[in-house]
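Here is the structure we will look at.
Bear in mind these aren't lab numbers, they're just calculated from the coordinates by the rules spelled out. This structure is a prediction, so every number in the text was calculated from the model and none was measured. Quick reminder, even Gly has a Cβ in these numbers, built from the backbone with ideal geometry, and neighbours come from all protein chains shown.
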There are 2 protein chains.
Amino acid sequence: MQAKYQELKTRLIEVNDINSALGLLHWDQSTYMPPGGAAARARQSATLSRIAHEKFTDPAIGKLLDALTPYEQSLDYDSDEASLIRVTRRKYERAIKIPSEFMAEVSTHISELYQVWTEARPANDFERVRPYLEKTLEYSRKSANFFPGYDHIADPLIEPRDYGMKAADVSHVFGELRKELVPIASVITSQPPVDDSCLHKHFPEEKQLKFGMDVAKKFGYDLSRGRQDKTHHPFMTKFSLGDVRITTRSKEDSLGEALFCTMHETGHALYEQGICMGYEGTPLARGTSAGVHESQSRLWENIVGRSKGFWKCFYPQLQNIFPEQLNSVELDTFHRAINKVERSLIRTEADEVTYNLHVMLRFDFELALLEGEMEIKDLPDAWRERFQEDFGIVPPDHKDGVLQDVHWYSGLIGGSFQGYTLGNILGAQFYATALKAHPEITEEIEKGEFNTLHNWLKNNIYQHGSKFTAPEIIERATGQSLTIEPYINYLRTKYGELYSLN
Amino acid sequence: MQAKYQELKTRLIEVNDINSALGLLHWDQSTYMPPGGAAARARQSATLSRIAHEKFTDPAIGKLLDALTPYEQSLDYDSDEASLIRVTRRKYERAIKIPSEFMAEVSTHISELYQVWTEARPANDFERVRPYLEKTLEYSRKSANFFPGYDHIADPLIEPRDYGMKAADVSHVFGELRKELVPIASVITSQPPVDDSCLHKHFPEEKQLKFGMDVAKKFGYDLSRGRQDKTHHPFMTKFSLGDVRITTRSKEDSLGEALFCTMHETGHALYEQGICMGYEGTPLARGTSAGVHESQSRLWENIVGRSKGFWKCFYPQLQNIFPEQLNSVELDTFHRAINKVERSLIRTEADEVTYNLHVMLRFDFELALLEGEMEIKDLPDAWRERFQEDFGIVPPDHKDGVLQDVHWYSGLIGGSFQGYTLGNILGAQFYATALKAHPEITEEIEKGEFNTLHNWLKNNIYQHGSKFTAPEIIERATGQSLTIEPYINYLRTKYGELYSLN
């Protein structure tokens, strides 16, 4: 049995190695690759994807999993061995249902669409992407239909990213949250706008990036196993548990840009760096779901990084770095500026309060499109209407409306957005639990110390990688299932102090 | 037939894509990878190597090659199709003779040895690497013996790097060259040393690197298909014909370091960037041999980059960049400094005259070791004796003696050094031919124009990639086979002006 288990592991590590090389092809493409490399790079990525899929869906893996079932049953559910077999089986059974030719066809289609989108977006031209998006929607439905027996057609698309959540669960949670958020957002945005001009002076890039990395190190990001590079659309990526990288972007006239990107990606990186080293190379060695992953980026970026306590410690340091720009700016002014709530067009630039409304719009549209309740051609109008309803403003163009996010132009429609809001909810839920166990965290943050918080997250979440599903992790870490209460409390408390909420 | 040819190409491109990803794993490891990534990276590289070898030695490729023989014979030898089949067959027939398990065994051994060497070299400890090197020598002999029927045991090891040259040919050429070089070197090094202190002031790195890239662009390096990064041991690497990168290293107290590295690697990059775009992804899309490749790095670095004509144009620019350091230094003084000949310990830092003596020592030792005339344990003493004989000095330690080059500690013994000197010889031979066809090249270089030279090299060498073997390229480009005369003339003329040679 031990030999079969080892053979399974060897095969999984081979697949992992190919996927890691694939990750490096993408990282390089987004950071350093000269433009001339693009055509061959697309081909190379497709080749490696295909080989990884072929190797992972090799029937030999299915046979090993079958043979290992008695062994798995003889072990504790929590044991690493049982978990590796269980998690691999779940992923294997999903992977073999998607034919290789279908994957290749979708991948070619999406490469084309992505290329078209990069031109259509600046040209504000929705009509150019429309026929492609219609094709994508077809592929998305087809993809879901490889998994018959679903309650909602979006369920099989949500599953690989947020296992354990169905469309109905997400809709329910989002509905509850929406009831709370819309009034808060509306009360705040009817007040005079906060003055955030202190963030929009000239801040030389090099100093911004250095400060950001100093913060990342303080959070606990291990630079002997990581690094930061610049890119257009920041992301975290991992080539092994010993090599977890982040990327950021900066604007010299906007102090928040690089800094909060860095904190956000550092949250993702802390999760991956915190995974048990023994899982290296196996399917256990990655964060368990999009939602739990996002809970960490949002926790470190927002709950910690935009808190008053954090800045009590770090604002004087920031003033030292930018004395001309910030010495005359009070901590309170700065803190209000980095937490400014406003009706804005772009999801990725939205504040904590309105952010989820952007996500819900997209999630609801994904469901309606998949259900056939909405057609691709209706998207621009529907976008405008819903925006008016939720934000009280109308996007002046498609560029900053329906064309803004890369997701639909680089992947299937369905399952790609819910993780962001689940992350906001979970970040608050985890943080509240950590705080209950260690009330000293608040004071430590004011002293620029993050070990207690970081250790709690490592022990309760990070170390497990994908060993447990998101619902299992939430239950184990917080003693209950996902709940919006801590998040609502967090928003009410924080924004009640920053704005008048009555 | 067309379908079979296409199938062959598709399979070759797949292998190429895996090898390109492998190349990126190495590039990243040498430039940006955090130290924590090392262990997994070694494993990932081994995985991709193995898959590429498995895919290339798939019997299906053998069958396609067999089936395509009549097609190949119906075509011109020079046609791209016939060449692709011919070159693939040559590489395939070599590859299938080496068992995968042997390759894996050697690869594991070499990874270990490399690790040991990185510690043994600074510790000056030859004894630590000795048992590993003995094992390497065994593997090297075993590797050669997969190709029975050779004249000399080194022949099969020279073949993949310098196809068309046998140990006896190289020995003959090196013997002739040595007869000329030893007296020149000895006459020069008995003269008072040239003062090169002008190169050893403080030169800020950023300005050095910028100047180097300006020169590289002038040479014709296309930055839309390339870039330069920093590393410890500079190299050129290619991920596709649209992505050919160089690396360099700099010392702020040594102006030559980064600059001549950049010129050298640019020479390699010009070769790869100049290959016919239609060969992308196939075995034709790479330089034809180590010797011809090195001829280009040495031509651009030395024949062009260390010439008086070049600096007539570029020295005033360099003075503008470093006015404090260079305004009081005459062009002649600078030119003598960058061409200083001396008895030195390190091959990679050696001047044009003594460089080949370093190479010959290593080449002769490789033959003697493979023949069994010398044992690994004899290496340090043999090194000292030969050094005394050729250079009139004795290396004070192993670190800068037998432990200095990475080659024996990262690969087999045999075939790894001759290309450097073949490159010096060929660089001069190609240059002399280009000059005969276009005498205006000399004047153009003085004006900072390199198009005529670059185009001649592209037309006669670069575009062909691996379509022709090195002997074929030499014959086609220069009308004769390899000859040392142009190189000797070049050295006599240049160093006759810089030193007294009588």
| Looking at chain B, do any whole DSSP H helices span at least 18 angstrom along their long axis by alpha carbon and average 0.0 or above on Kyte-Doolittle, and which? | B:167-189, B:355-371, B:418-437
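Could you work out the mean projected area of the convex hull around the alpha carbons of segment B:116-244, in square nanometres to one decimal? It would help to have the intermediate numbers written out before the result.
Numbers: hull surface 56.2 nm².
For segment B:116-244, the mean projected area of the Cα convex hull comes to 14.1 nm².
Compute the projected area of the convex hull of the Cα atoms of segment A:141-193, averaged over all viewing directions, and report it in nm² to one decimal place.
On the way: hull surface 20.8 nm².
If I average the Cα hull's projected area over directions, I get 5.2 nm².
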| query | Mind checking the mean number of beta-carbon atoms from other chains within 10 Å of the Cβ atoms in B:27-39? | reply | 6
| message | What does the copy distance list look like for B:VAL406, label position 7 Å along Cα→Cβ, in nm and ordered from shortest? | response | 3.1
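When the dipole is taken about the Cα centre of segment B:113-191, and only Lys, Arg (+1) and Asp, Glu (-1) are charged at their Cβ, what size is it in debye, to the nearest 20? It would help to have the intermediate numbers written out before the result.
Numbers: 10 positive and 12 negative charges, 32 e Å.
Here the size comes out at about 160 debye.
Applying a 10 Å radius around every beta-carbon, put B:269-278, A:205-214 in order of their mean neighbour count, most first. All intermediate terms of the calculation are to be shown ahead of the outcome.
Values: B:269-278: 22.0, A:205-214: 16.7.
Per-residue Cβ counts within 10 Å, averaged per peptide and sorted highest first, yield B:269-278, A:205-214.
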| remark: Per-residue average of other protein chain Cβ atoms inside 10 Å, peptide B:48-61 -> 1
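Take the alpha carbon atoms of the protein assembly as shown, find their radius of gyration, then divide it by 2.2 N^0.38 Å using N residues; give the quotient. Don't skip to the answer; put the middle values down first.
Details: Rg = 31.9 Å, N = 1004, 2.2 N^0.38 = 30.4 Å.
Taking the Cα Rg and dividing by 2.2 N^0.38 Å, one obtains 1.05.
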| From the label point of A:GLU472, set 7 Å along Cα to the beta carbon, how far off in nm is each other copy's matching point, shortest first? | 6.0
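Net charge near B:ASP76: determine it from the other residues with C-beta under 12 Å of the C-beta of B:ASP76, scoring Lys and Arg +1 and Asp and Glu -1. All intermediate terms of the calculation are to be shown ahead of the outcome.
Details: positive: B:ARG86, B:LYS467; negative: B:GLU72, B:ASP78, B:ASP80, B:GLU81.
Summing Lys/Arg as +1 and Asp/Glu as -1 gives -2.
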| note | The distance between the Cα centres of segment B:256-283 and segment A:1-38, in whole Å, is 27
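If you add up the charges near A:PHE219, with Lys and Arg at +1 and Asp and Glu at -1, over every other residue whose beta carbon is less than 13 angstrom from its beta carbon, what do you get? Each step should come with its number before you reach the end.
On the way: positive: A:LYS217, A:LYS218, A:LYS458; negative: A:ASP214, A:ASP222, A:GLU265, A:GLU301, A:GLU444, A:GLU449.
Net of charged neighbours comes to -3.
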| query | Sorted by packing (mean other beta-carbon atoms within 10 Å per residue), highest first, where do A:11-18, A:116-123 land? | reply | A:11-18, A:116-123
| remark: The chain B residue whose Cβ lies closest to the rotation axis carrying chain B onto chain A, with that distance rounded to whole Å, is B:ALA21, 2
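Say the cut-off is 25 Å between C-alpha atoms; which of A:LYS218/A:LYS308; A:LYS251/A:LYS494; A:LYS97/B:LYS63; B:LYS218/B:LYS436 go over it?
As for pairs spanning more than 25 Å Cα to Cα, those are A:LYS251/A:LYS494; A:LYS97/B:LYS63.
Compactness ratio of chain A: Cα Rg over 2.2 N^0.38 Å, N = residue count? Before the final figure, lay out the partial values.
On the way: Rg = 22.7 Å, N = 502, 2.2 N^0.38 = 23.4 Å.
Dividing the Cα radius of gyration by 2.2 N^0.38 Å gives 0.97.
Counting partner chain Cβ atoms within 10 Å of every residue's Cβ in B:8-17, what's the average? Each step should come with its number before you reach the end.
Working: counts 0, 0, 0, 0, 0, 4, 6, 1, 4, 11.
Mean inter-chain Cβ contacts per residue within 10 Å come to 3.
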| request: Run the numbers on segment A:215-327 and let me know its relative contact order in percent, using alpha-carbon pairs under 8 Å that are six or more apart. | output: 20
| message | What does the copy distance list look like for B:ILE98, label position 7 Å along Cα→Cβ, in nm and ordered from shortest? | response | 3.6
| When B:LEU370, A:LEU422, B:LEU22, B:LEU331 are ordered from fewest to most other Cβ atoms inside 10 Å of their Cβ, what list results? | B:LEU331, B:LEU22, B:LEU370, A:LEU422
| message | Over the Cα atoms of segment A:336-465, each weighted equally, I'd like the Debye log10 I(q)/I(0) at q = 0.16 Å⁻¹, rounded to two decimals. | response | -0.89
| said: What number results when the radius of gyration of segment A:2-152, computed over Cα atoms, is divided by 2.2 N^0.38 Å? | reply: 1.30
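Can you say what percent of the DSSP beta bridges in segment B:150-502, counting only those with both residues inside, are antiparallel? Round to 5.
Details: 5 of 8 bridges.
DSSP beta bridges in segment B:150-502 are roughly 60 percent antiparallel.
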| task | Can you tell me the relative contact order of segment B:89-154? Whole percent, Cα pairs under 8 Å, sequence separation 6 or more. | result | 33
